[in-house]
Amino acid sequence: MRTENVKLRWDLFPAFEAAARTLSFTRAADELFLTQSAVSRQIQQLEASLGTPLFERLHRSLALTEAGRVMQRAVDDSMERLRDAAALLHARTAPRQVAITCTPGFASLWLIPRLSRFTAAHPQVDVRMSATLEILDLSRAGVDVAVRFVPSSMGEGPALFEEEVQPLCAPGLLQDARRPLKKPTDLSLHTLLAVDMPQGEALTVDWEPWFQVMGVQGLKMANTLRFTQYADAVAAAVAGQGVVIGRLPLLAELLRSGQLVAPFRGKAATRRGYYVALAPHAQGNSDARDFVHWLYEEGEQARVQARAQVRPPASASQRKRLQRAA
């Protein structure tokens, strides 16, 4: 069967598509920012080129003819194919991105120093970070990956790592003969570098697991510097302004570099940890899945490095307390 070539003006089809969908030249004109007469004229030109009417002009209404219904199906099919092609091209050119949320301390002290390793391996992927203490709704916030700092009993899935604490300070603070740091009670001579706690909790609440292990509950330090962010308290410790409770392994790099030192033996587990969540909408995002995999690889490497560190032995009484707290 041979079909005759028909010359069509493609600029007439938007008017037909709108009129066929709304069954109104007036509403089609409003959509296309044309006059009603301009739409009617374009439809007439298309009908003339096809040699058949596409609409029945009824009293105050329109109806598609059989030819009009055939043309509408063809136009709808063509529009769908155009939308699919546009979506495919957009996907190829859209920027690849992973959006993550985590606490400010985790971001500045652990993630950012390592992040260049991920970006070097995935140079086409943009990383957008939201460092906040707020628990975000991942779907509503458009976030792909969350690193949550929660009690271990509330964590879902394997922990990235769990937290231990011990006091840390700058090496220079150990050289002050007037204010030694040889036993835990010597902390009473030094400045506490603390973070403001919510709901009126004690500034030393993060110290309590270590105080319990060391048997020095109720210890009071000489004075206090208070900060709104944990990273600022750590910066003050590096500057030699006092003693901070070190959250490990967040501060492991500062210990390895010698910017901070542990004046006392023994760490205490806080029974809190960092847990990774992949948002439901990001399950199909291969870059987000790669980021989660990379996080766990970095977490495992951090644990291996922590185990390889040389630690001074604890005393017998401290070992017993550590065993009880574990």
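Take Gln72 and tell me if it is part of a helix (DSSP H, G or I) and out of contact with any Phe, Trp or Tyr (no Cβ under 9 Å at 6 or more places or on another chain). Spelling it out, it is not the case that Gln72 is part of a helix (DSSP H, G or I) and out of contact with any Phe, Trp or Tyr (no Cβ under 9 Å at 6 or more places or on another chain).
Restricting Arg81, Arg96, Arg27 to those that are surrounded by fewer than 15 Cβ atoms within 10 Å (Cβ to Cβ), among the basic types (Lys, Arg) and farther than 30 Å from Asp137 by Cα reduces the list to Arg81. Summed over the range 150-165, the residues that are more than 17 Å from Leu295 (Cα to Cα) and either touching a helix residue (DSSP H, G or I) at 6+ places or on another chain (Cβ under 6 Å) or loosely packed, with under 12 Cβ neighbours inside 10 Å (or both) give a count of 4. Looking at this structure, is Met71 in contact (Cβ under 8 Å) with a residue 40 or more places away in the chain, surrounded by fewer than 14 Cβ atoms within 10 Å (Cβ to Cβ) and of a type in the set (A, V, I, L, M, F, W, C)? No, not satisfied.
Take Ala269 and decide whether it is small (Gly, Ala, Ser), in the same structural domain as Leu138 (by TED's automatic domain parsing), within 22 Å of the chain's Cα centre (by Cα) and closer than 26 Å to Pro158 by Cβ. Judged against the criteria, Ala269 is not a match. Mind checking whether some residue in the range 208-217 is within 31 Å of the chain's Cα centre (by Cα) and surrounded by fewer than 20 Cβ atoms within 10 Å (Cβ to Cβ)? Yes: the range 208-217 contains one or more residues that are within 31 Å of the chain's Cα centre (by Cα) and surrounded by fewer than 20 Cβ atoms within 10 Å (Cβ to Cβ).
Criterion applied to Arg69, Arg41 was being of a type in the set (D, E, K, R) and under 51 Å from the mean Cα position of the chain (by Cα), and the one residue passing it is Arg69. How many residues does the range 238-261 hold that are in a loop (DSSP other than H, G, I, E, B) and buried (at least 18 other Cβ atoms within 10 Å of the Cβ)? Matching residues across the range 238-261 total 5. Within the range 257-295, being of a type in the set (A, V, I, L, M) and over 24 Å from Arg247 (Cβ atoms) holds for Leu278, Ala279, Ala282, Ala288.
Can Ala131 be described as over 21 Å from Ala20 (Cβ atoms), small (Gly, Ala, Ser) and not assigned by TED's automatic domain parsing to the domain that holds Ala235? No. Taking every residue in the range 277-291 that is assigned by TED's automatic domain parsing to the domain that holds Ala121 and in a helix (DSSP H, G or I) and pairing it with any residue that is among the small types (Gly, Ala, Ser) and surrounded by fewer than 17 Cβ atoms within 10 Å (Cβ to Cβ), at least 6 positions away or on another chain, the pairs with Cβ-Cβ distances below 7 Å are Pro280/Ser139; His281/Ser139.
The values are calculated or read from the model by the stated rules, or taken from the named source; none is laboratory data. Predicted model, so just to flag it, every value in this text is computed and none were measured. Cβ: placed from backbone, ideal geometry, glycine included. Neighbour counts: every protein chain shown.
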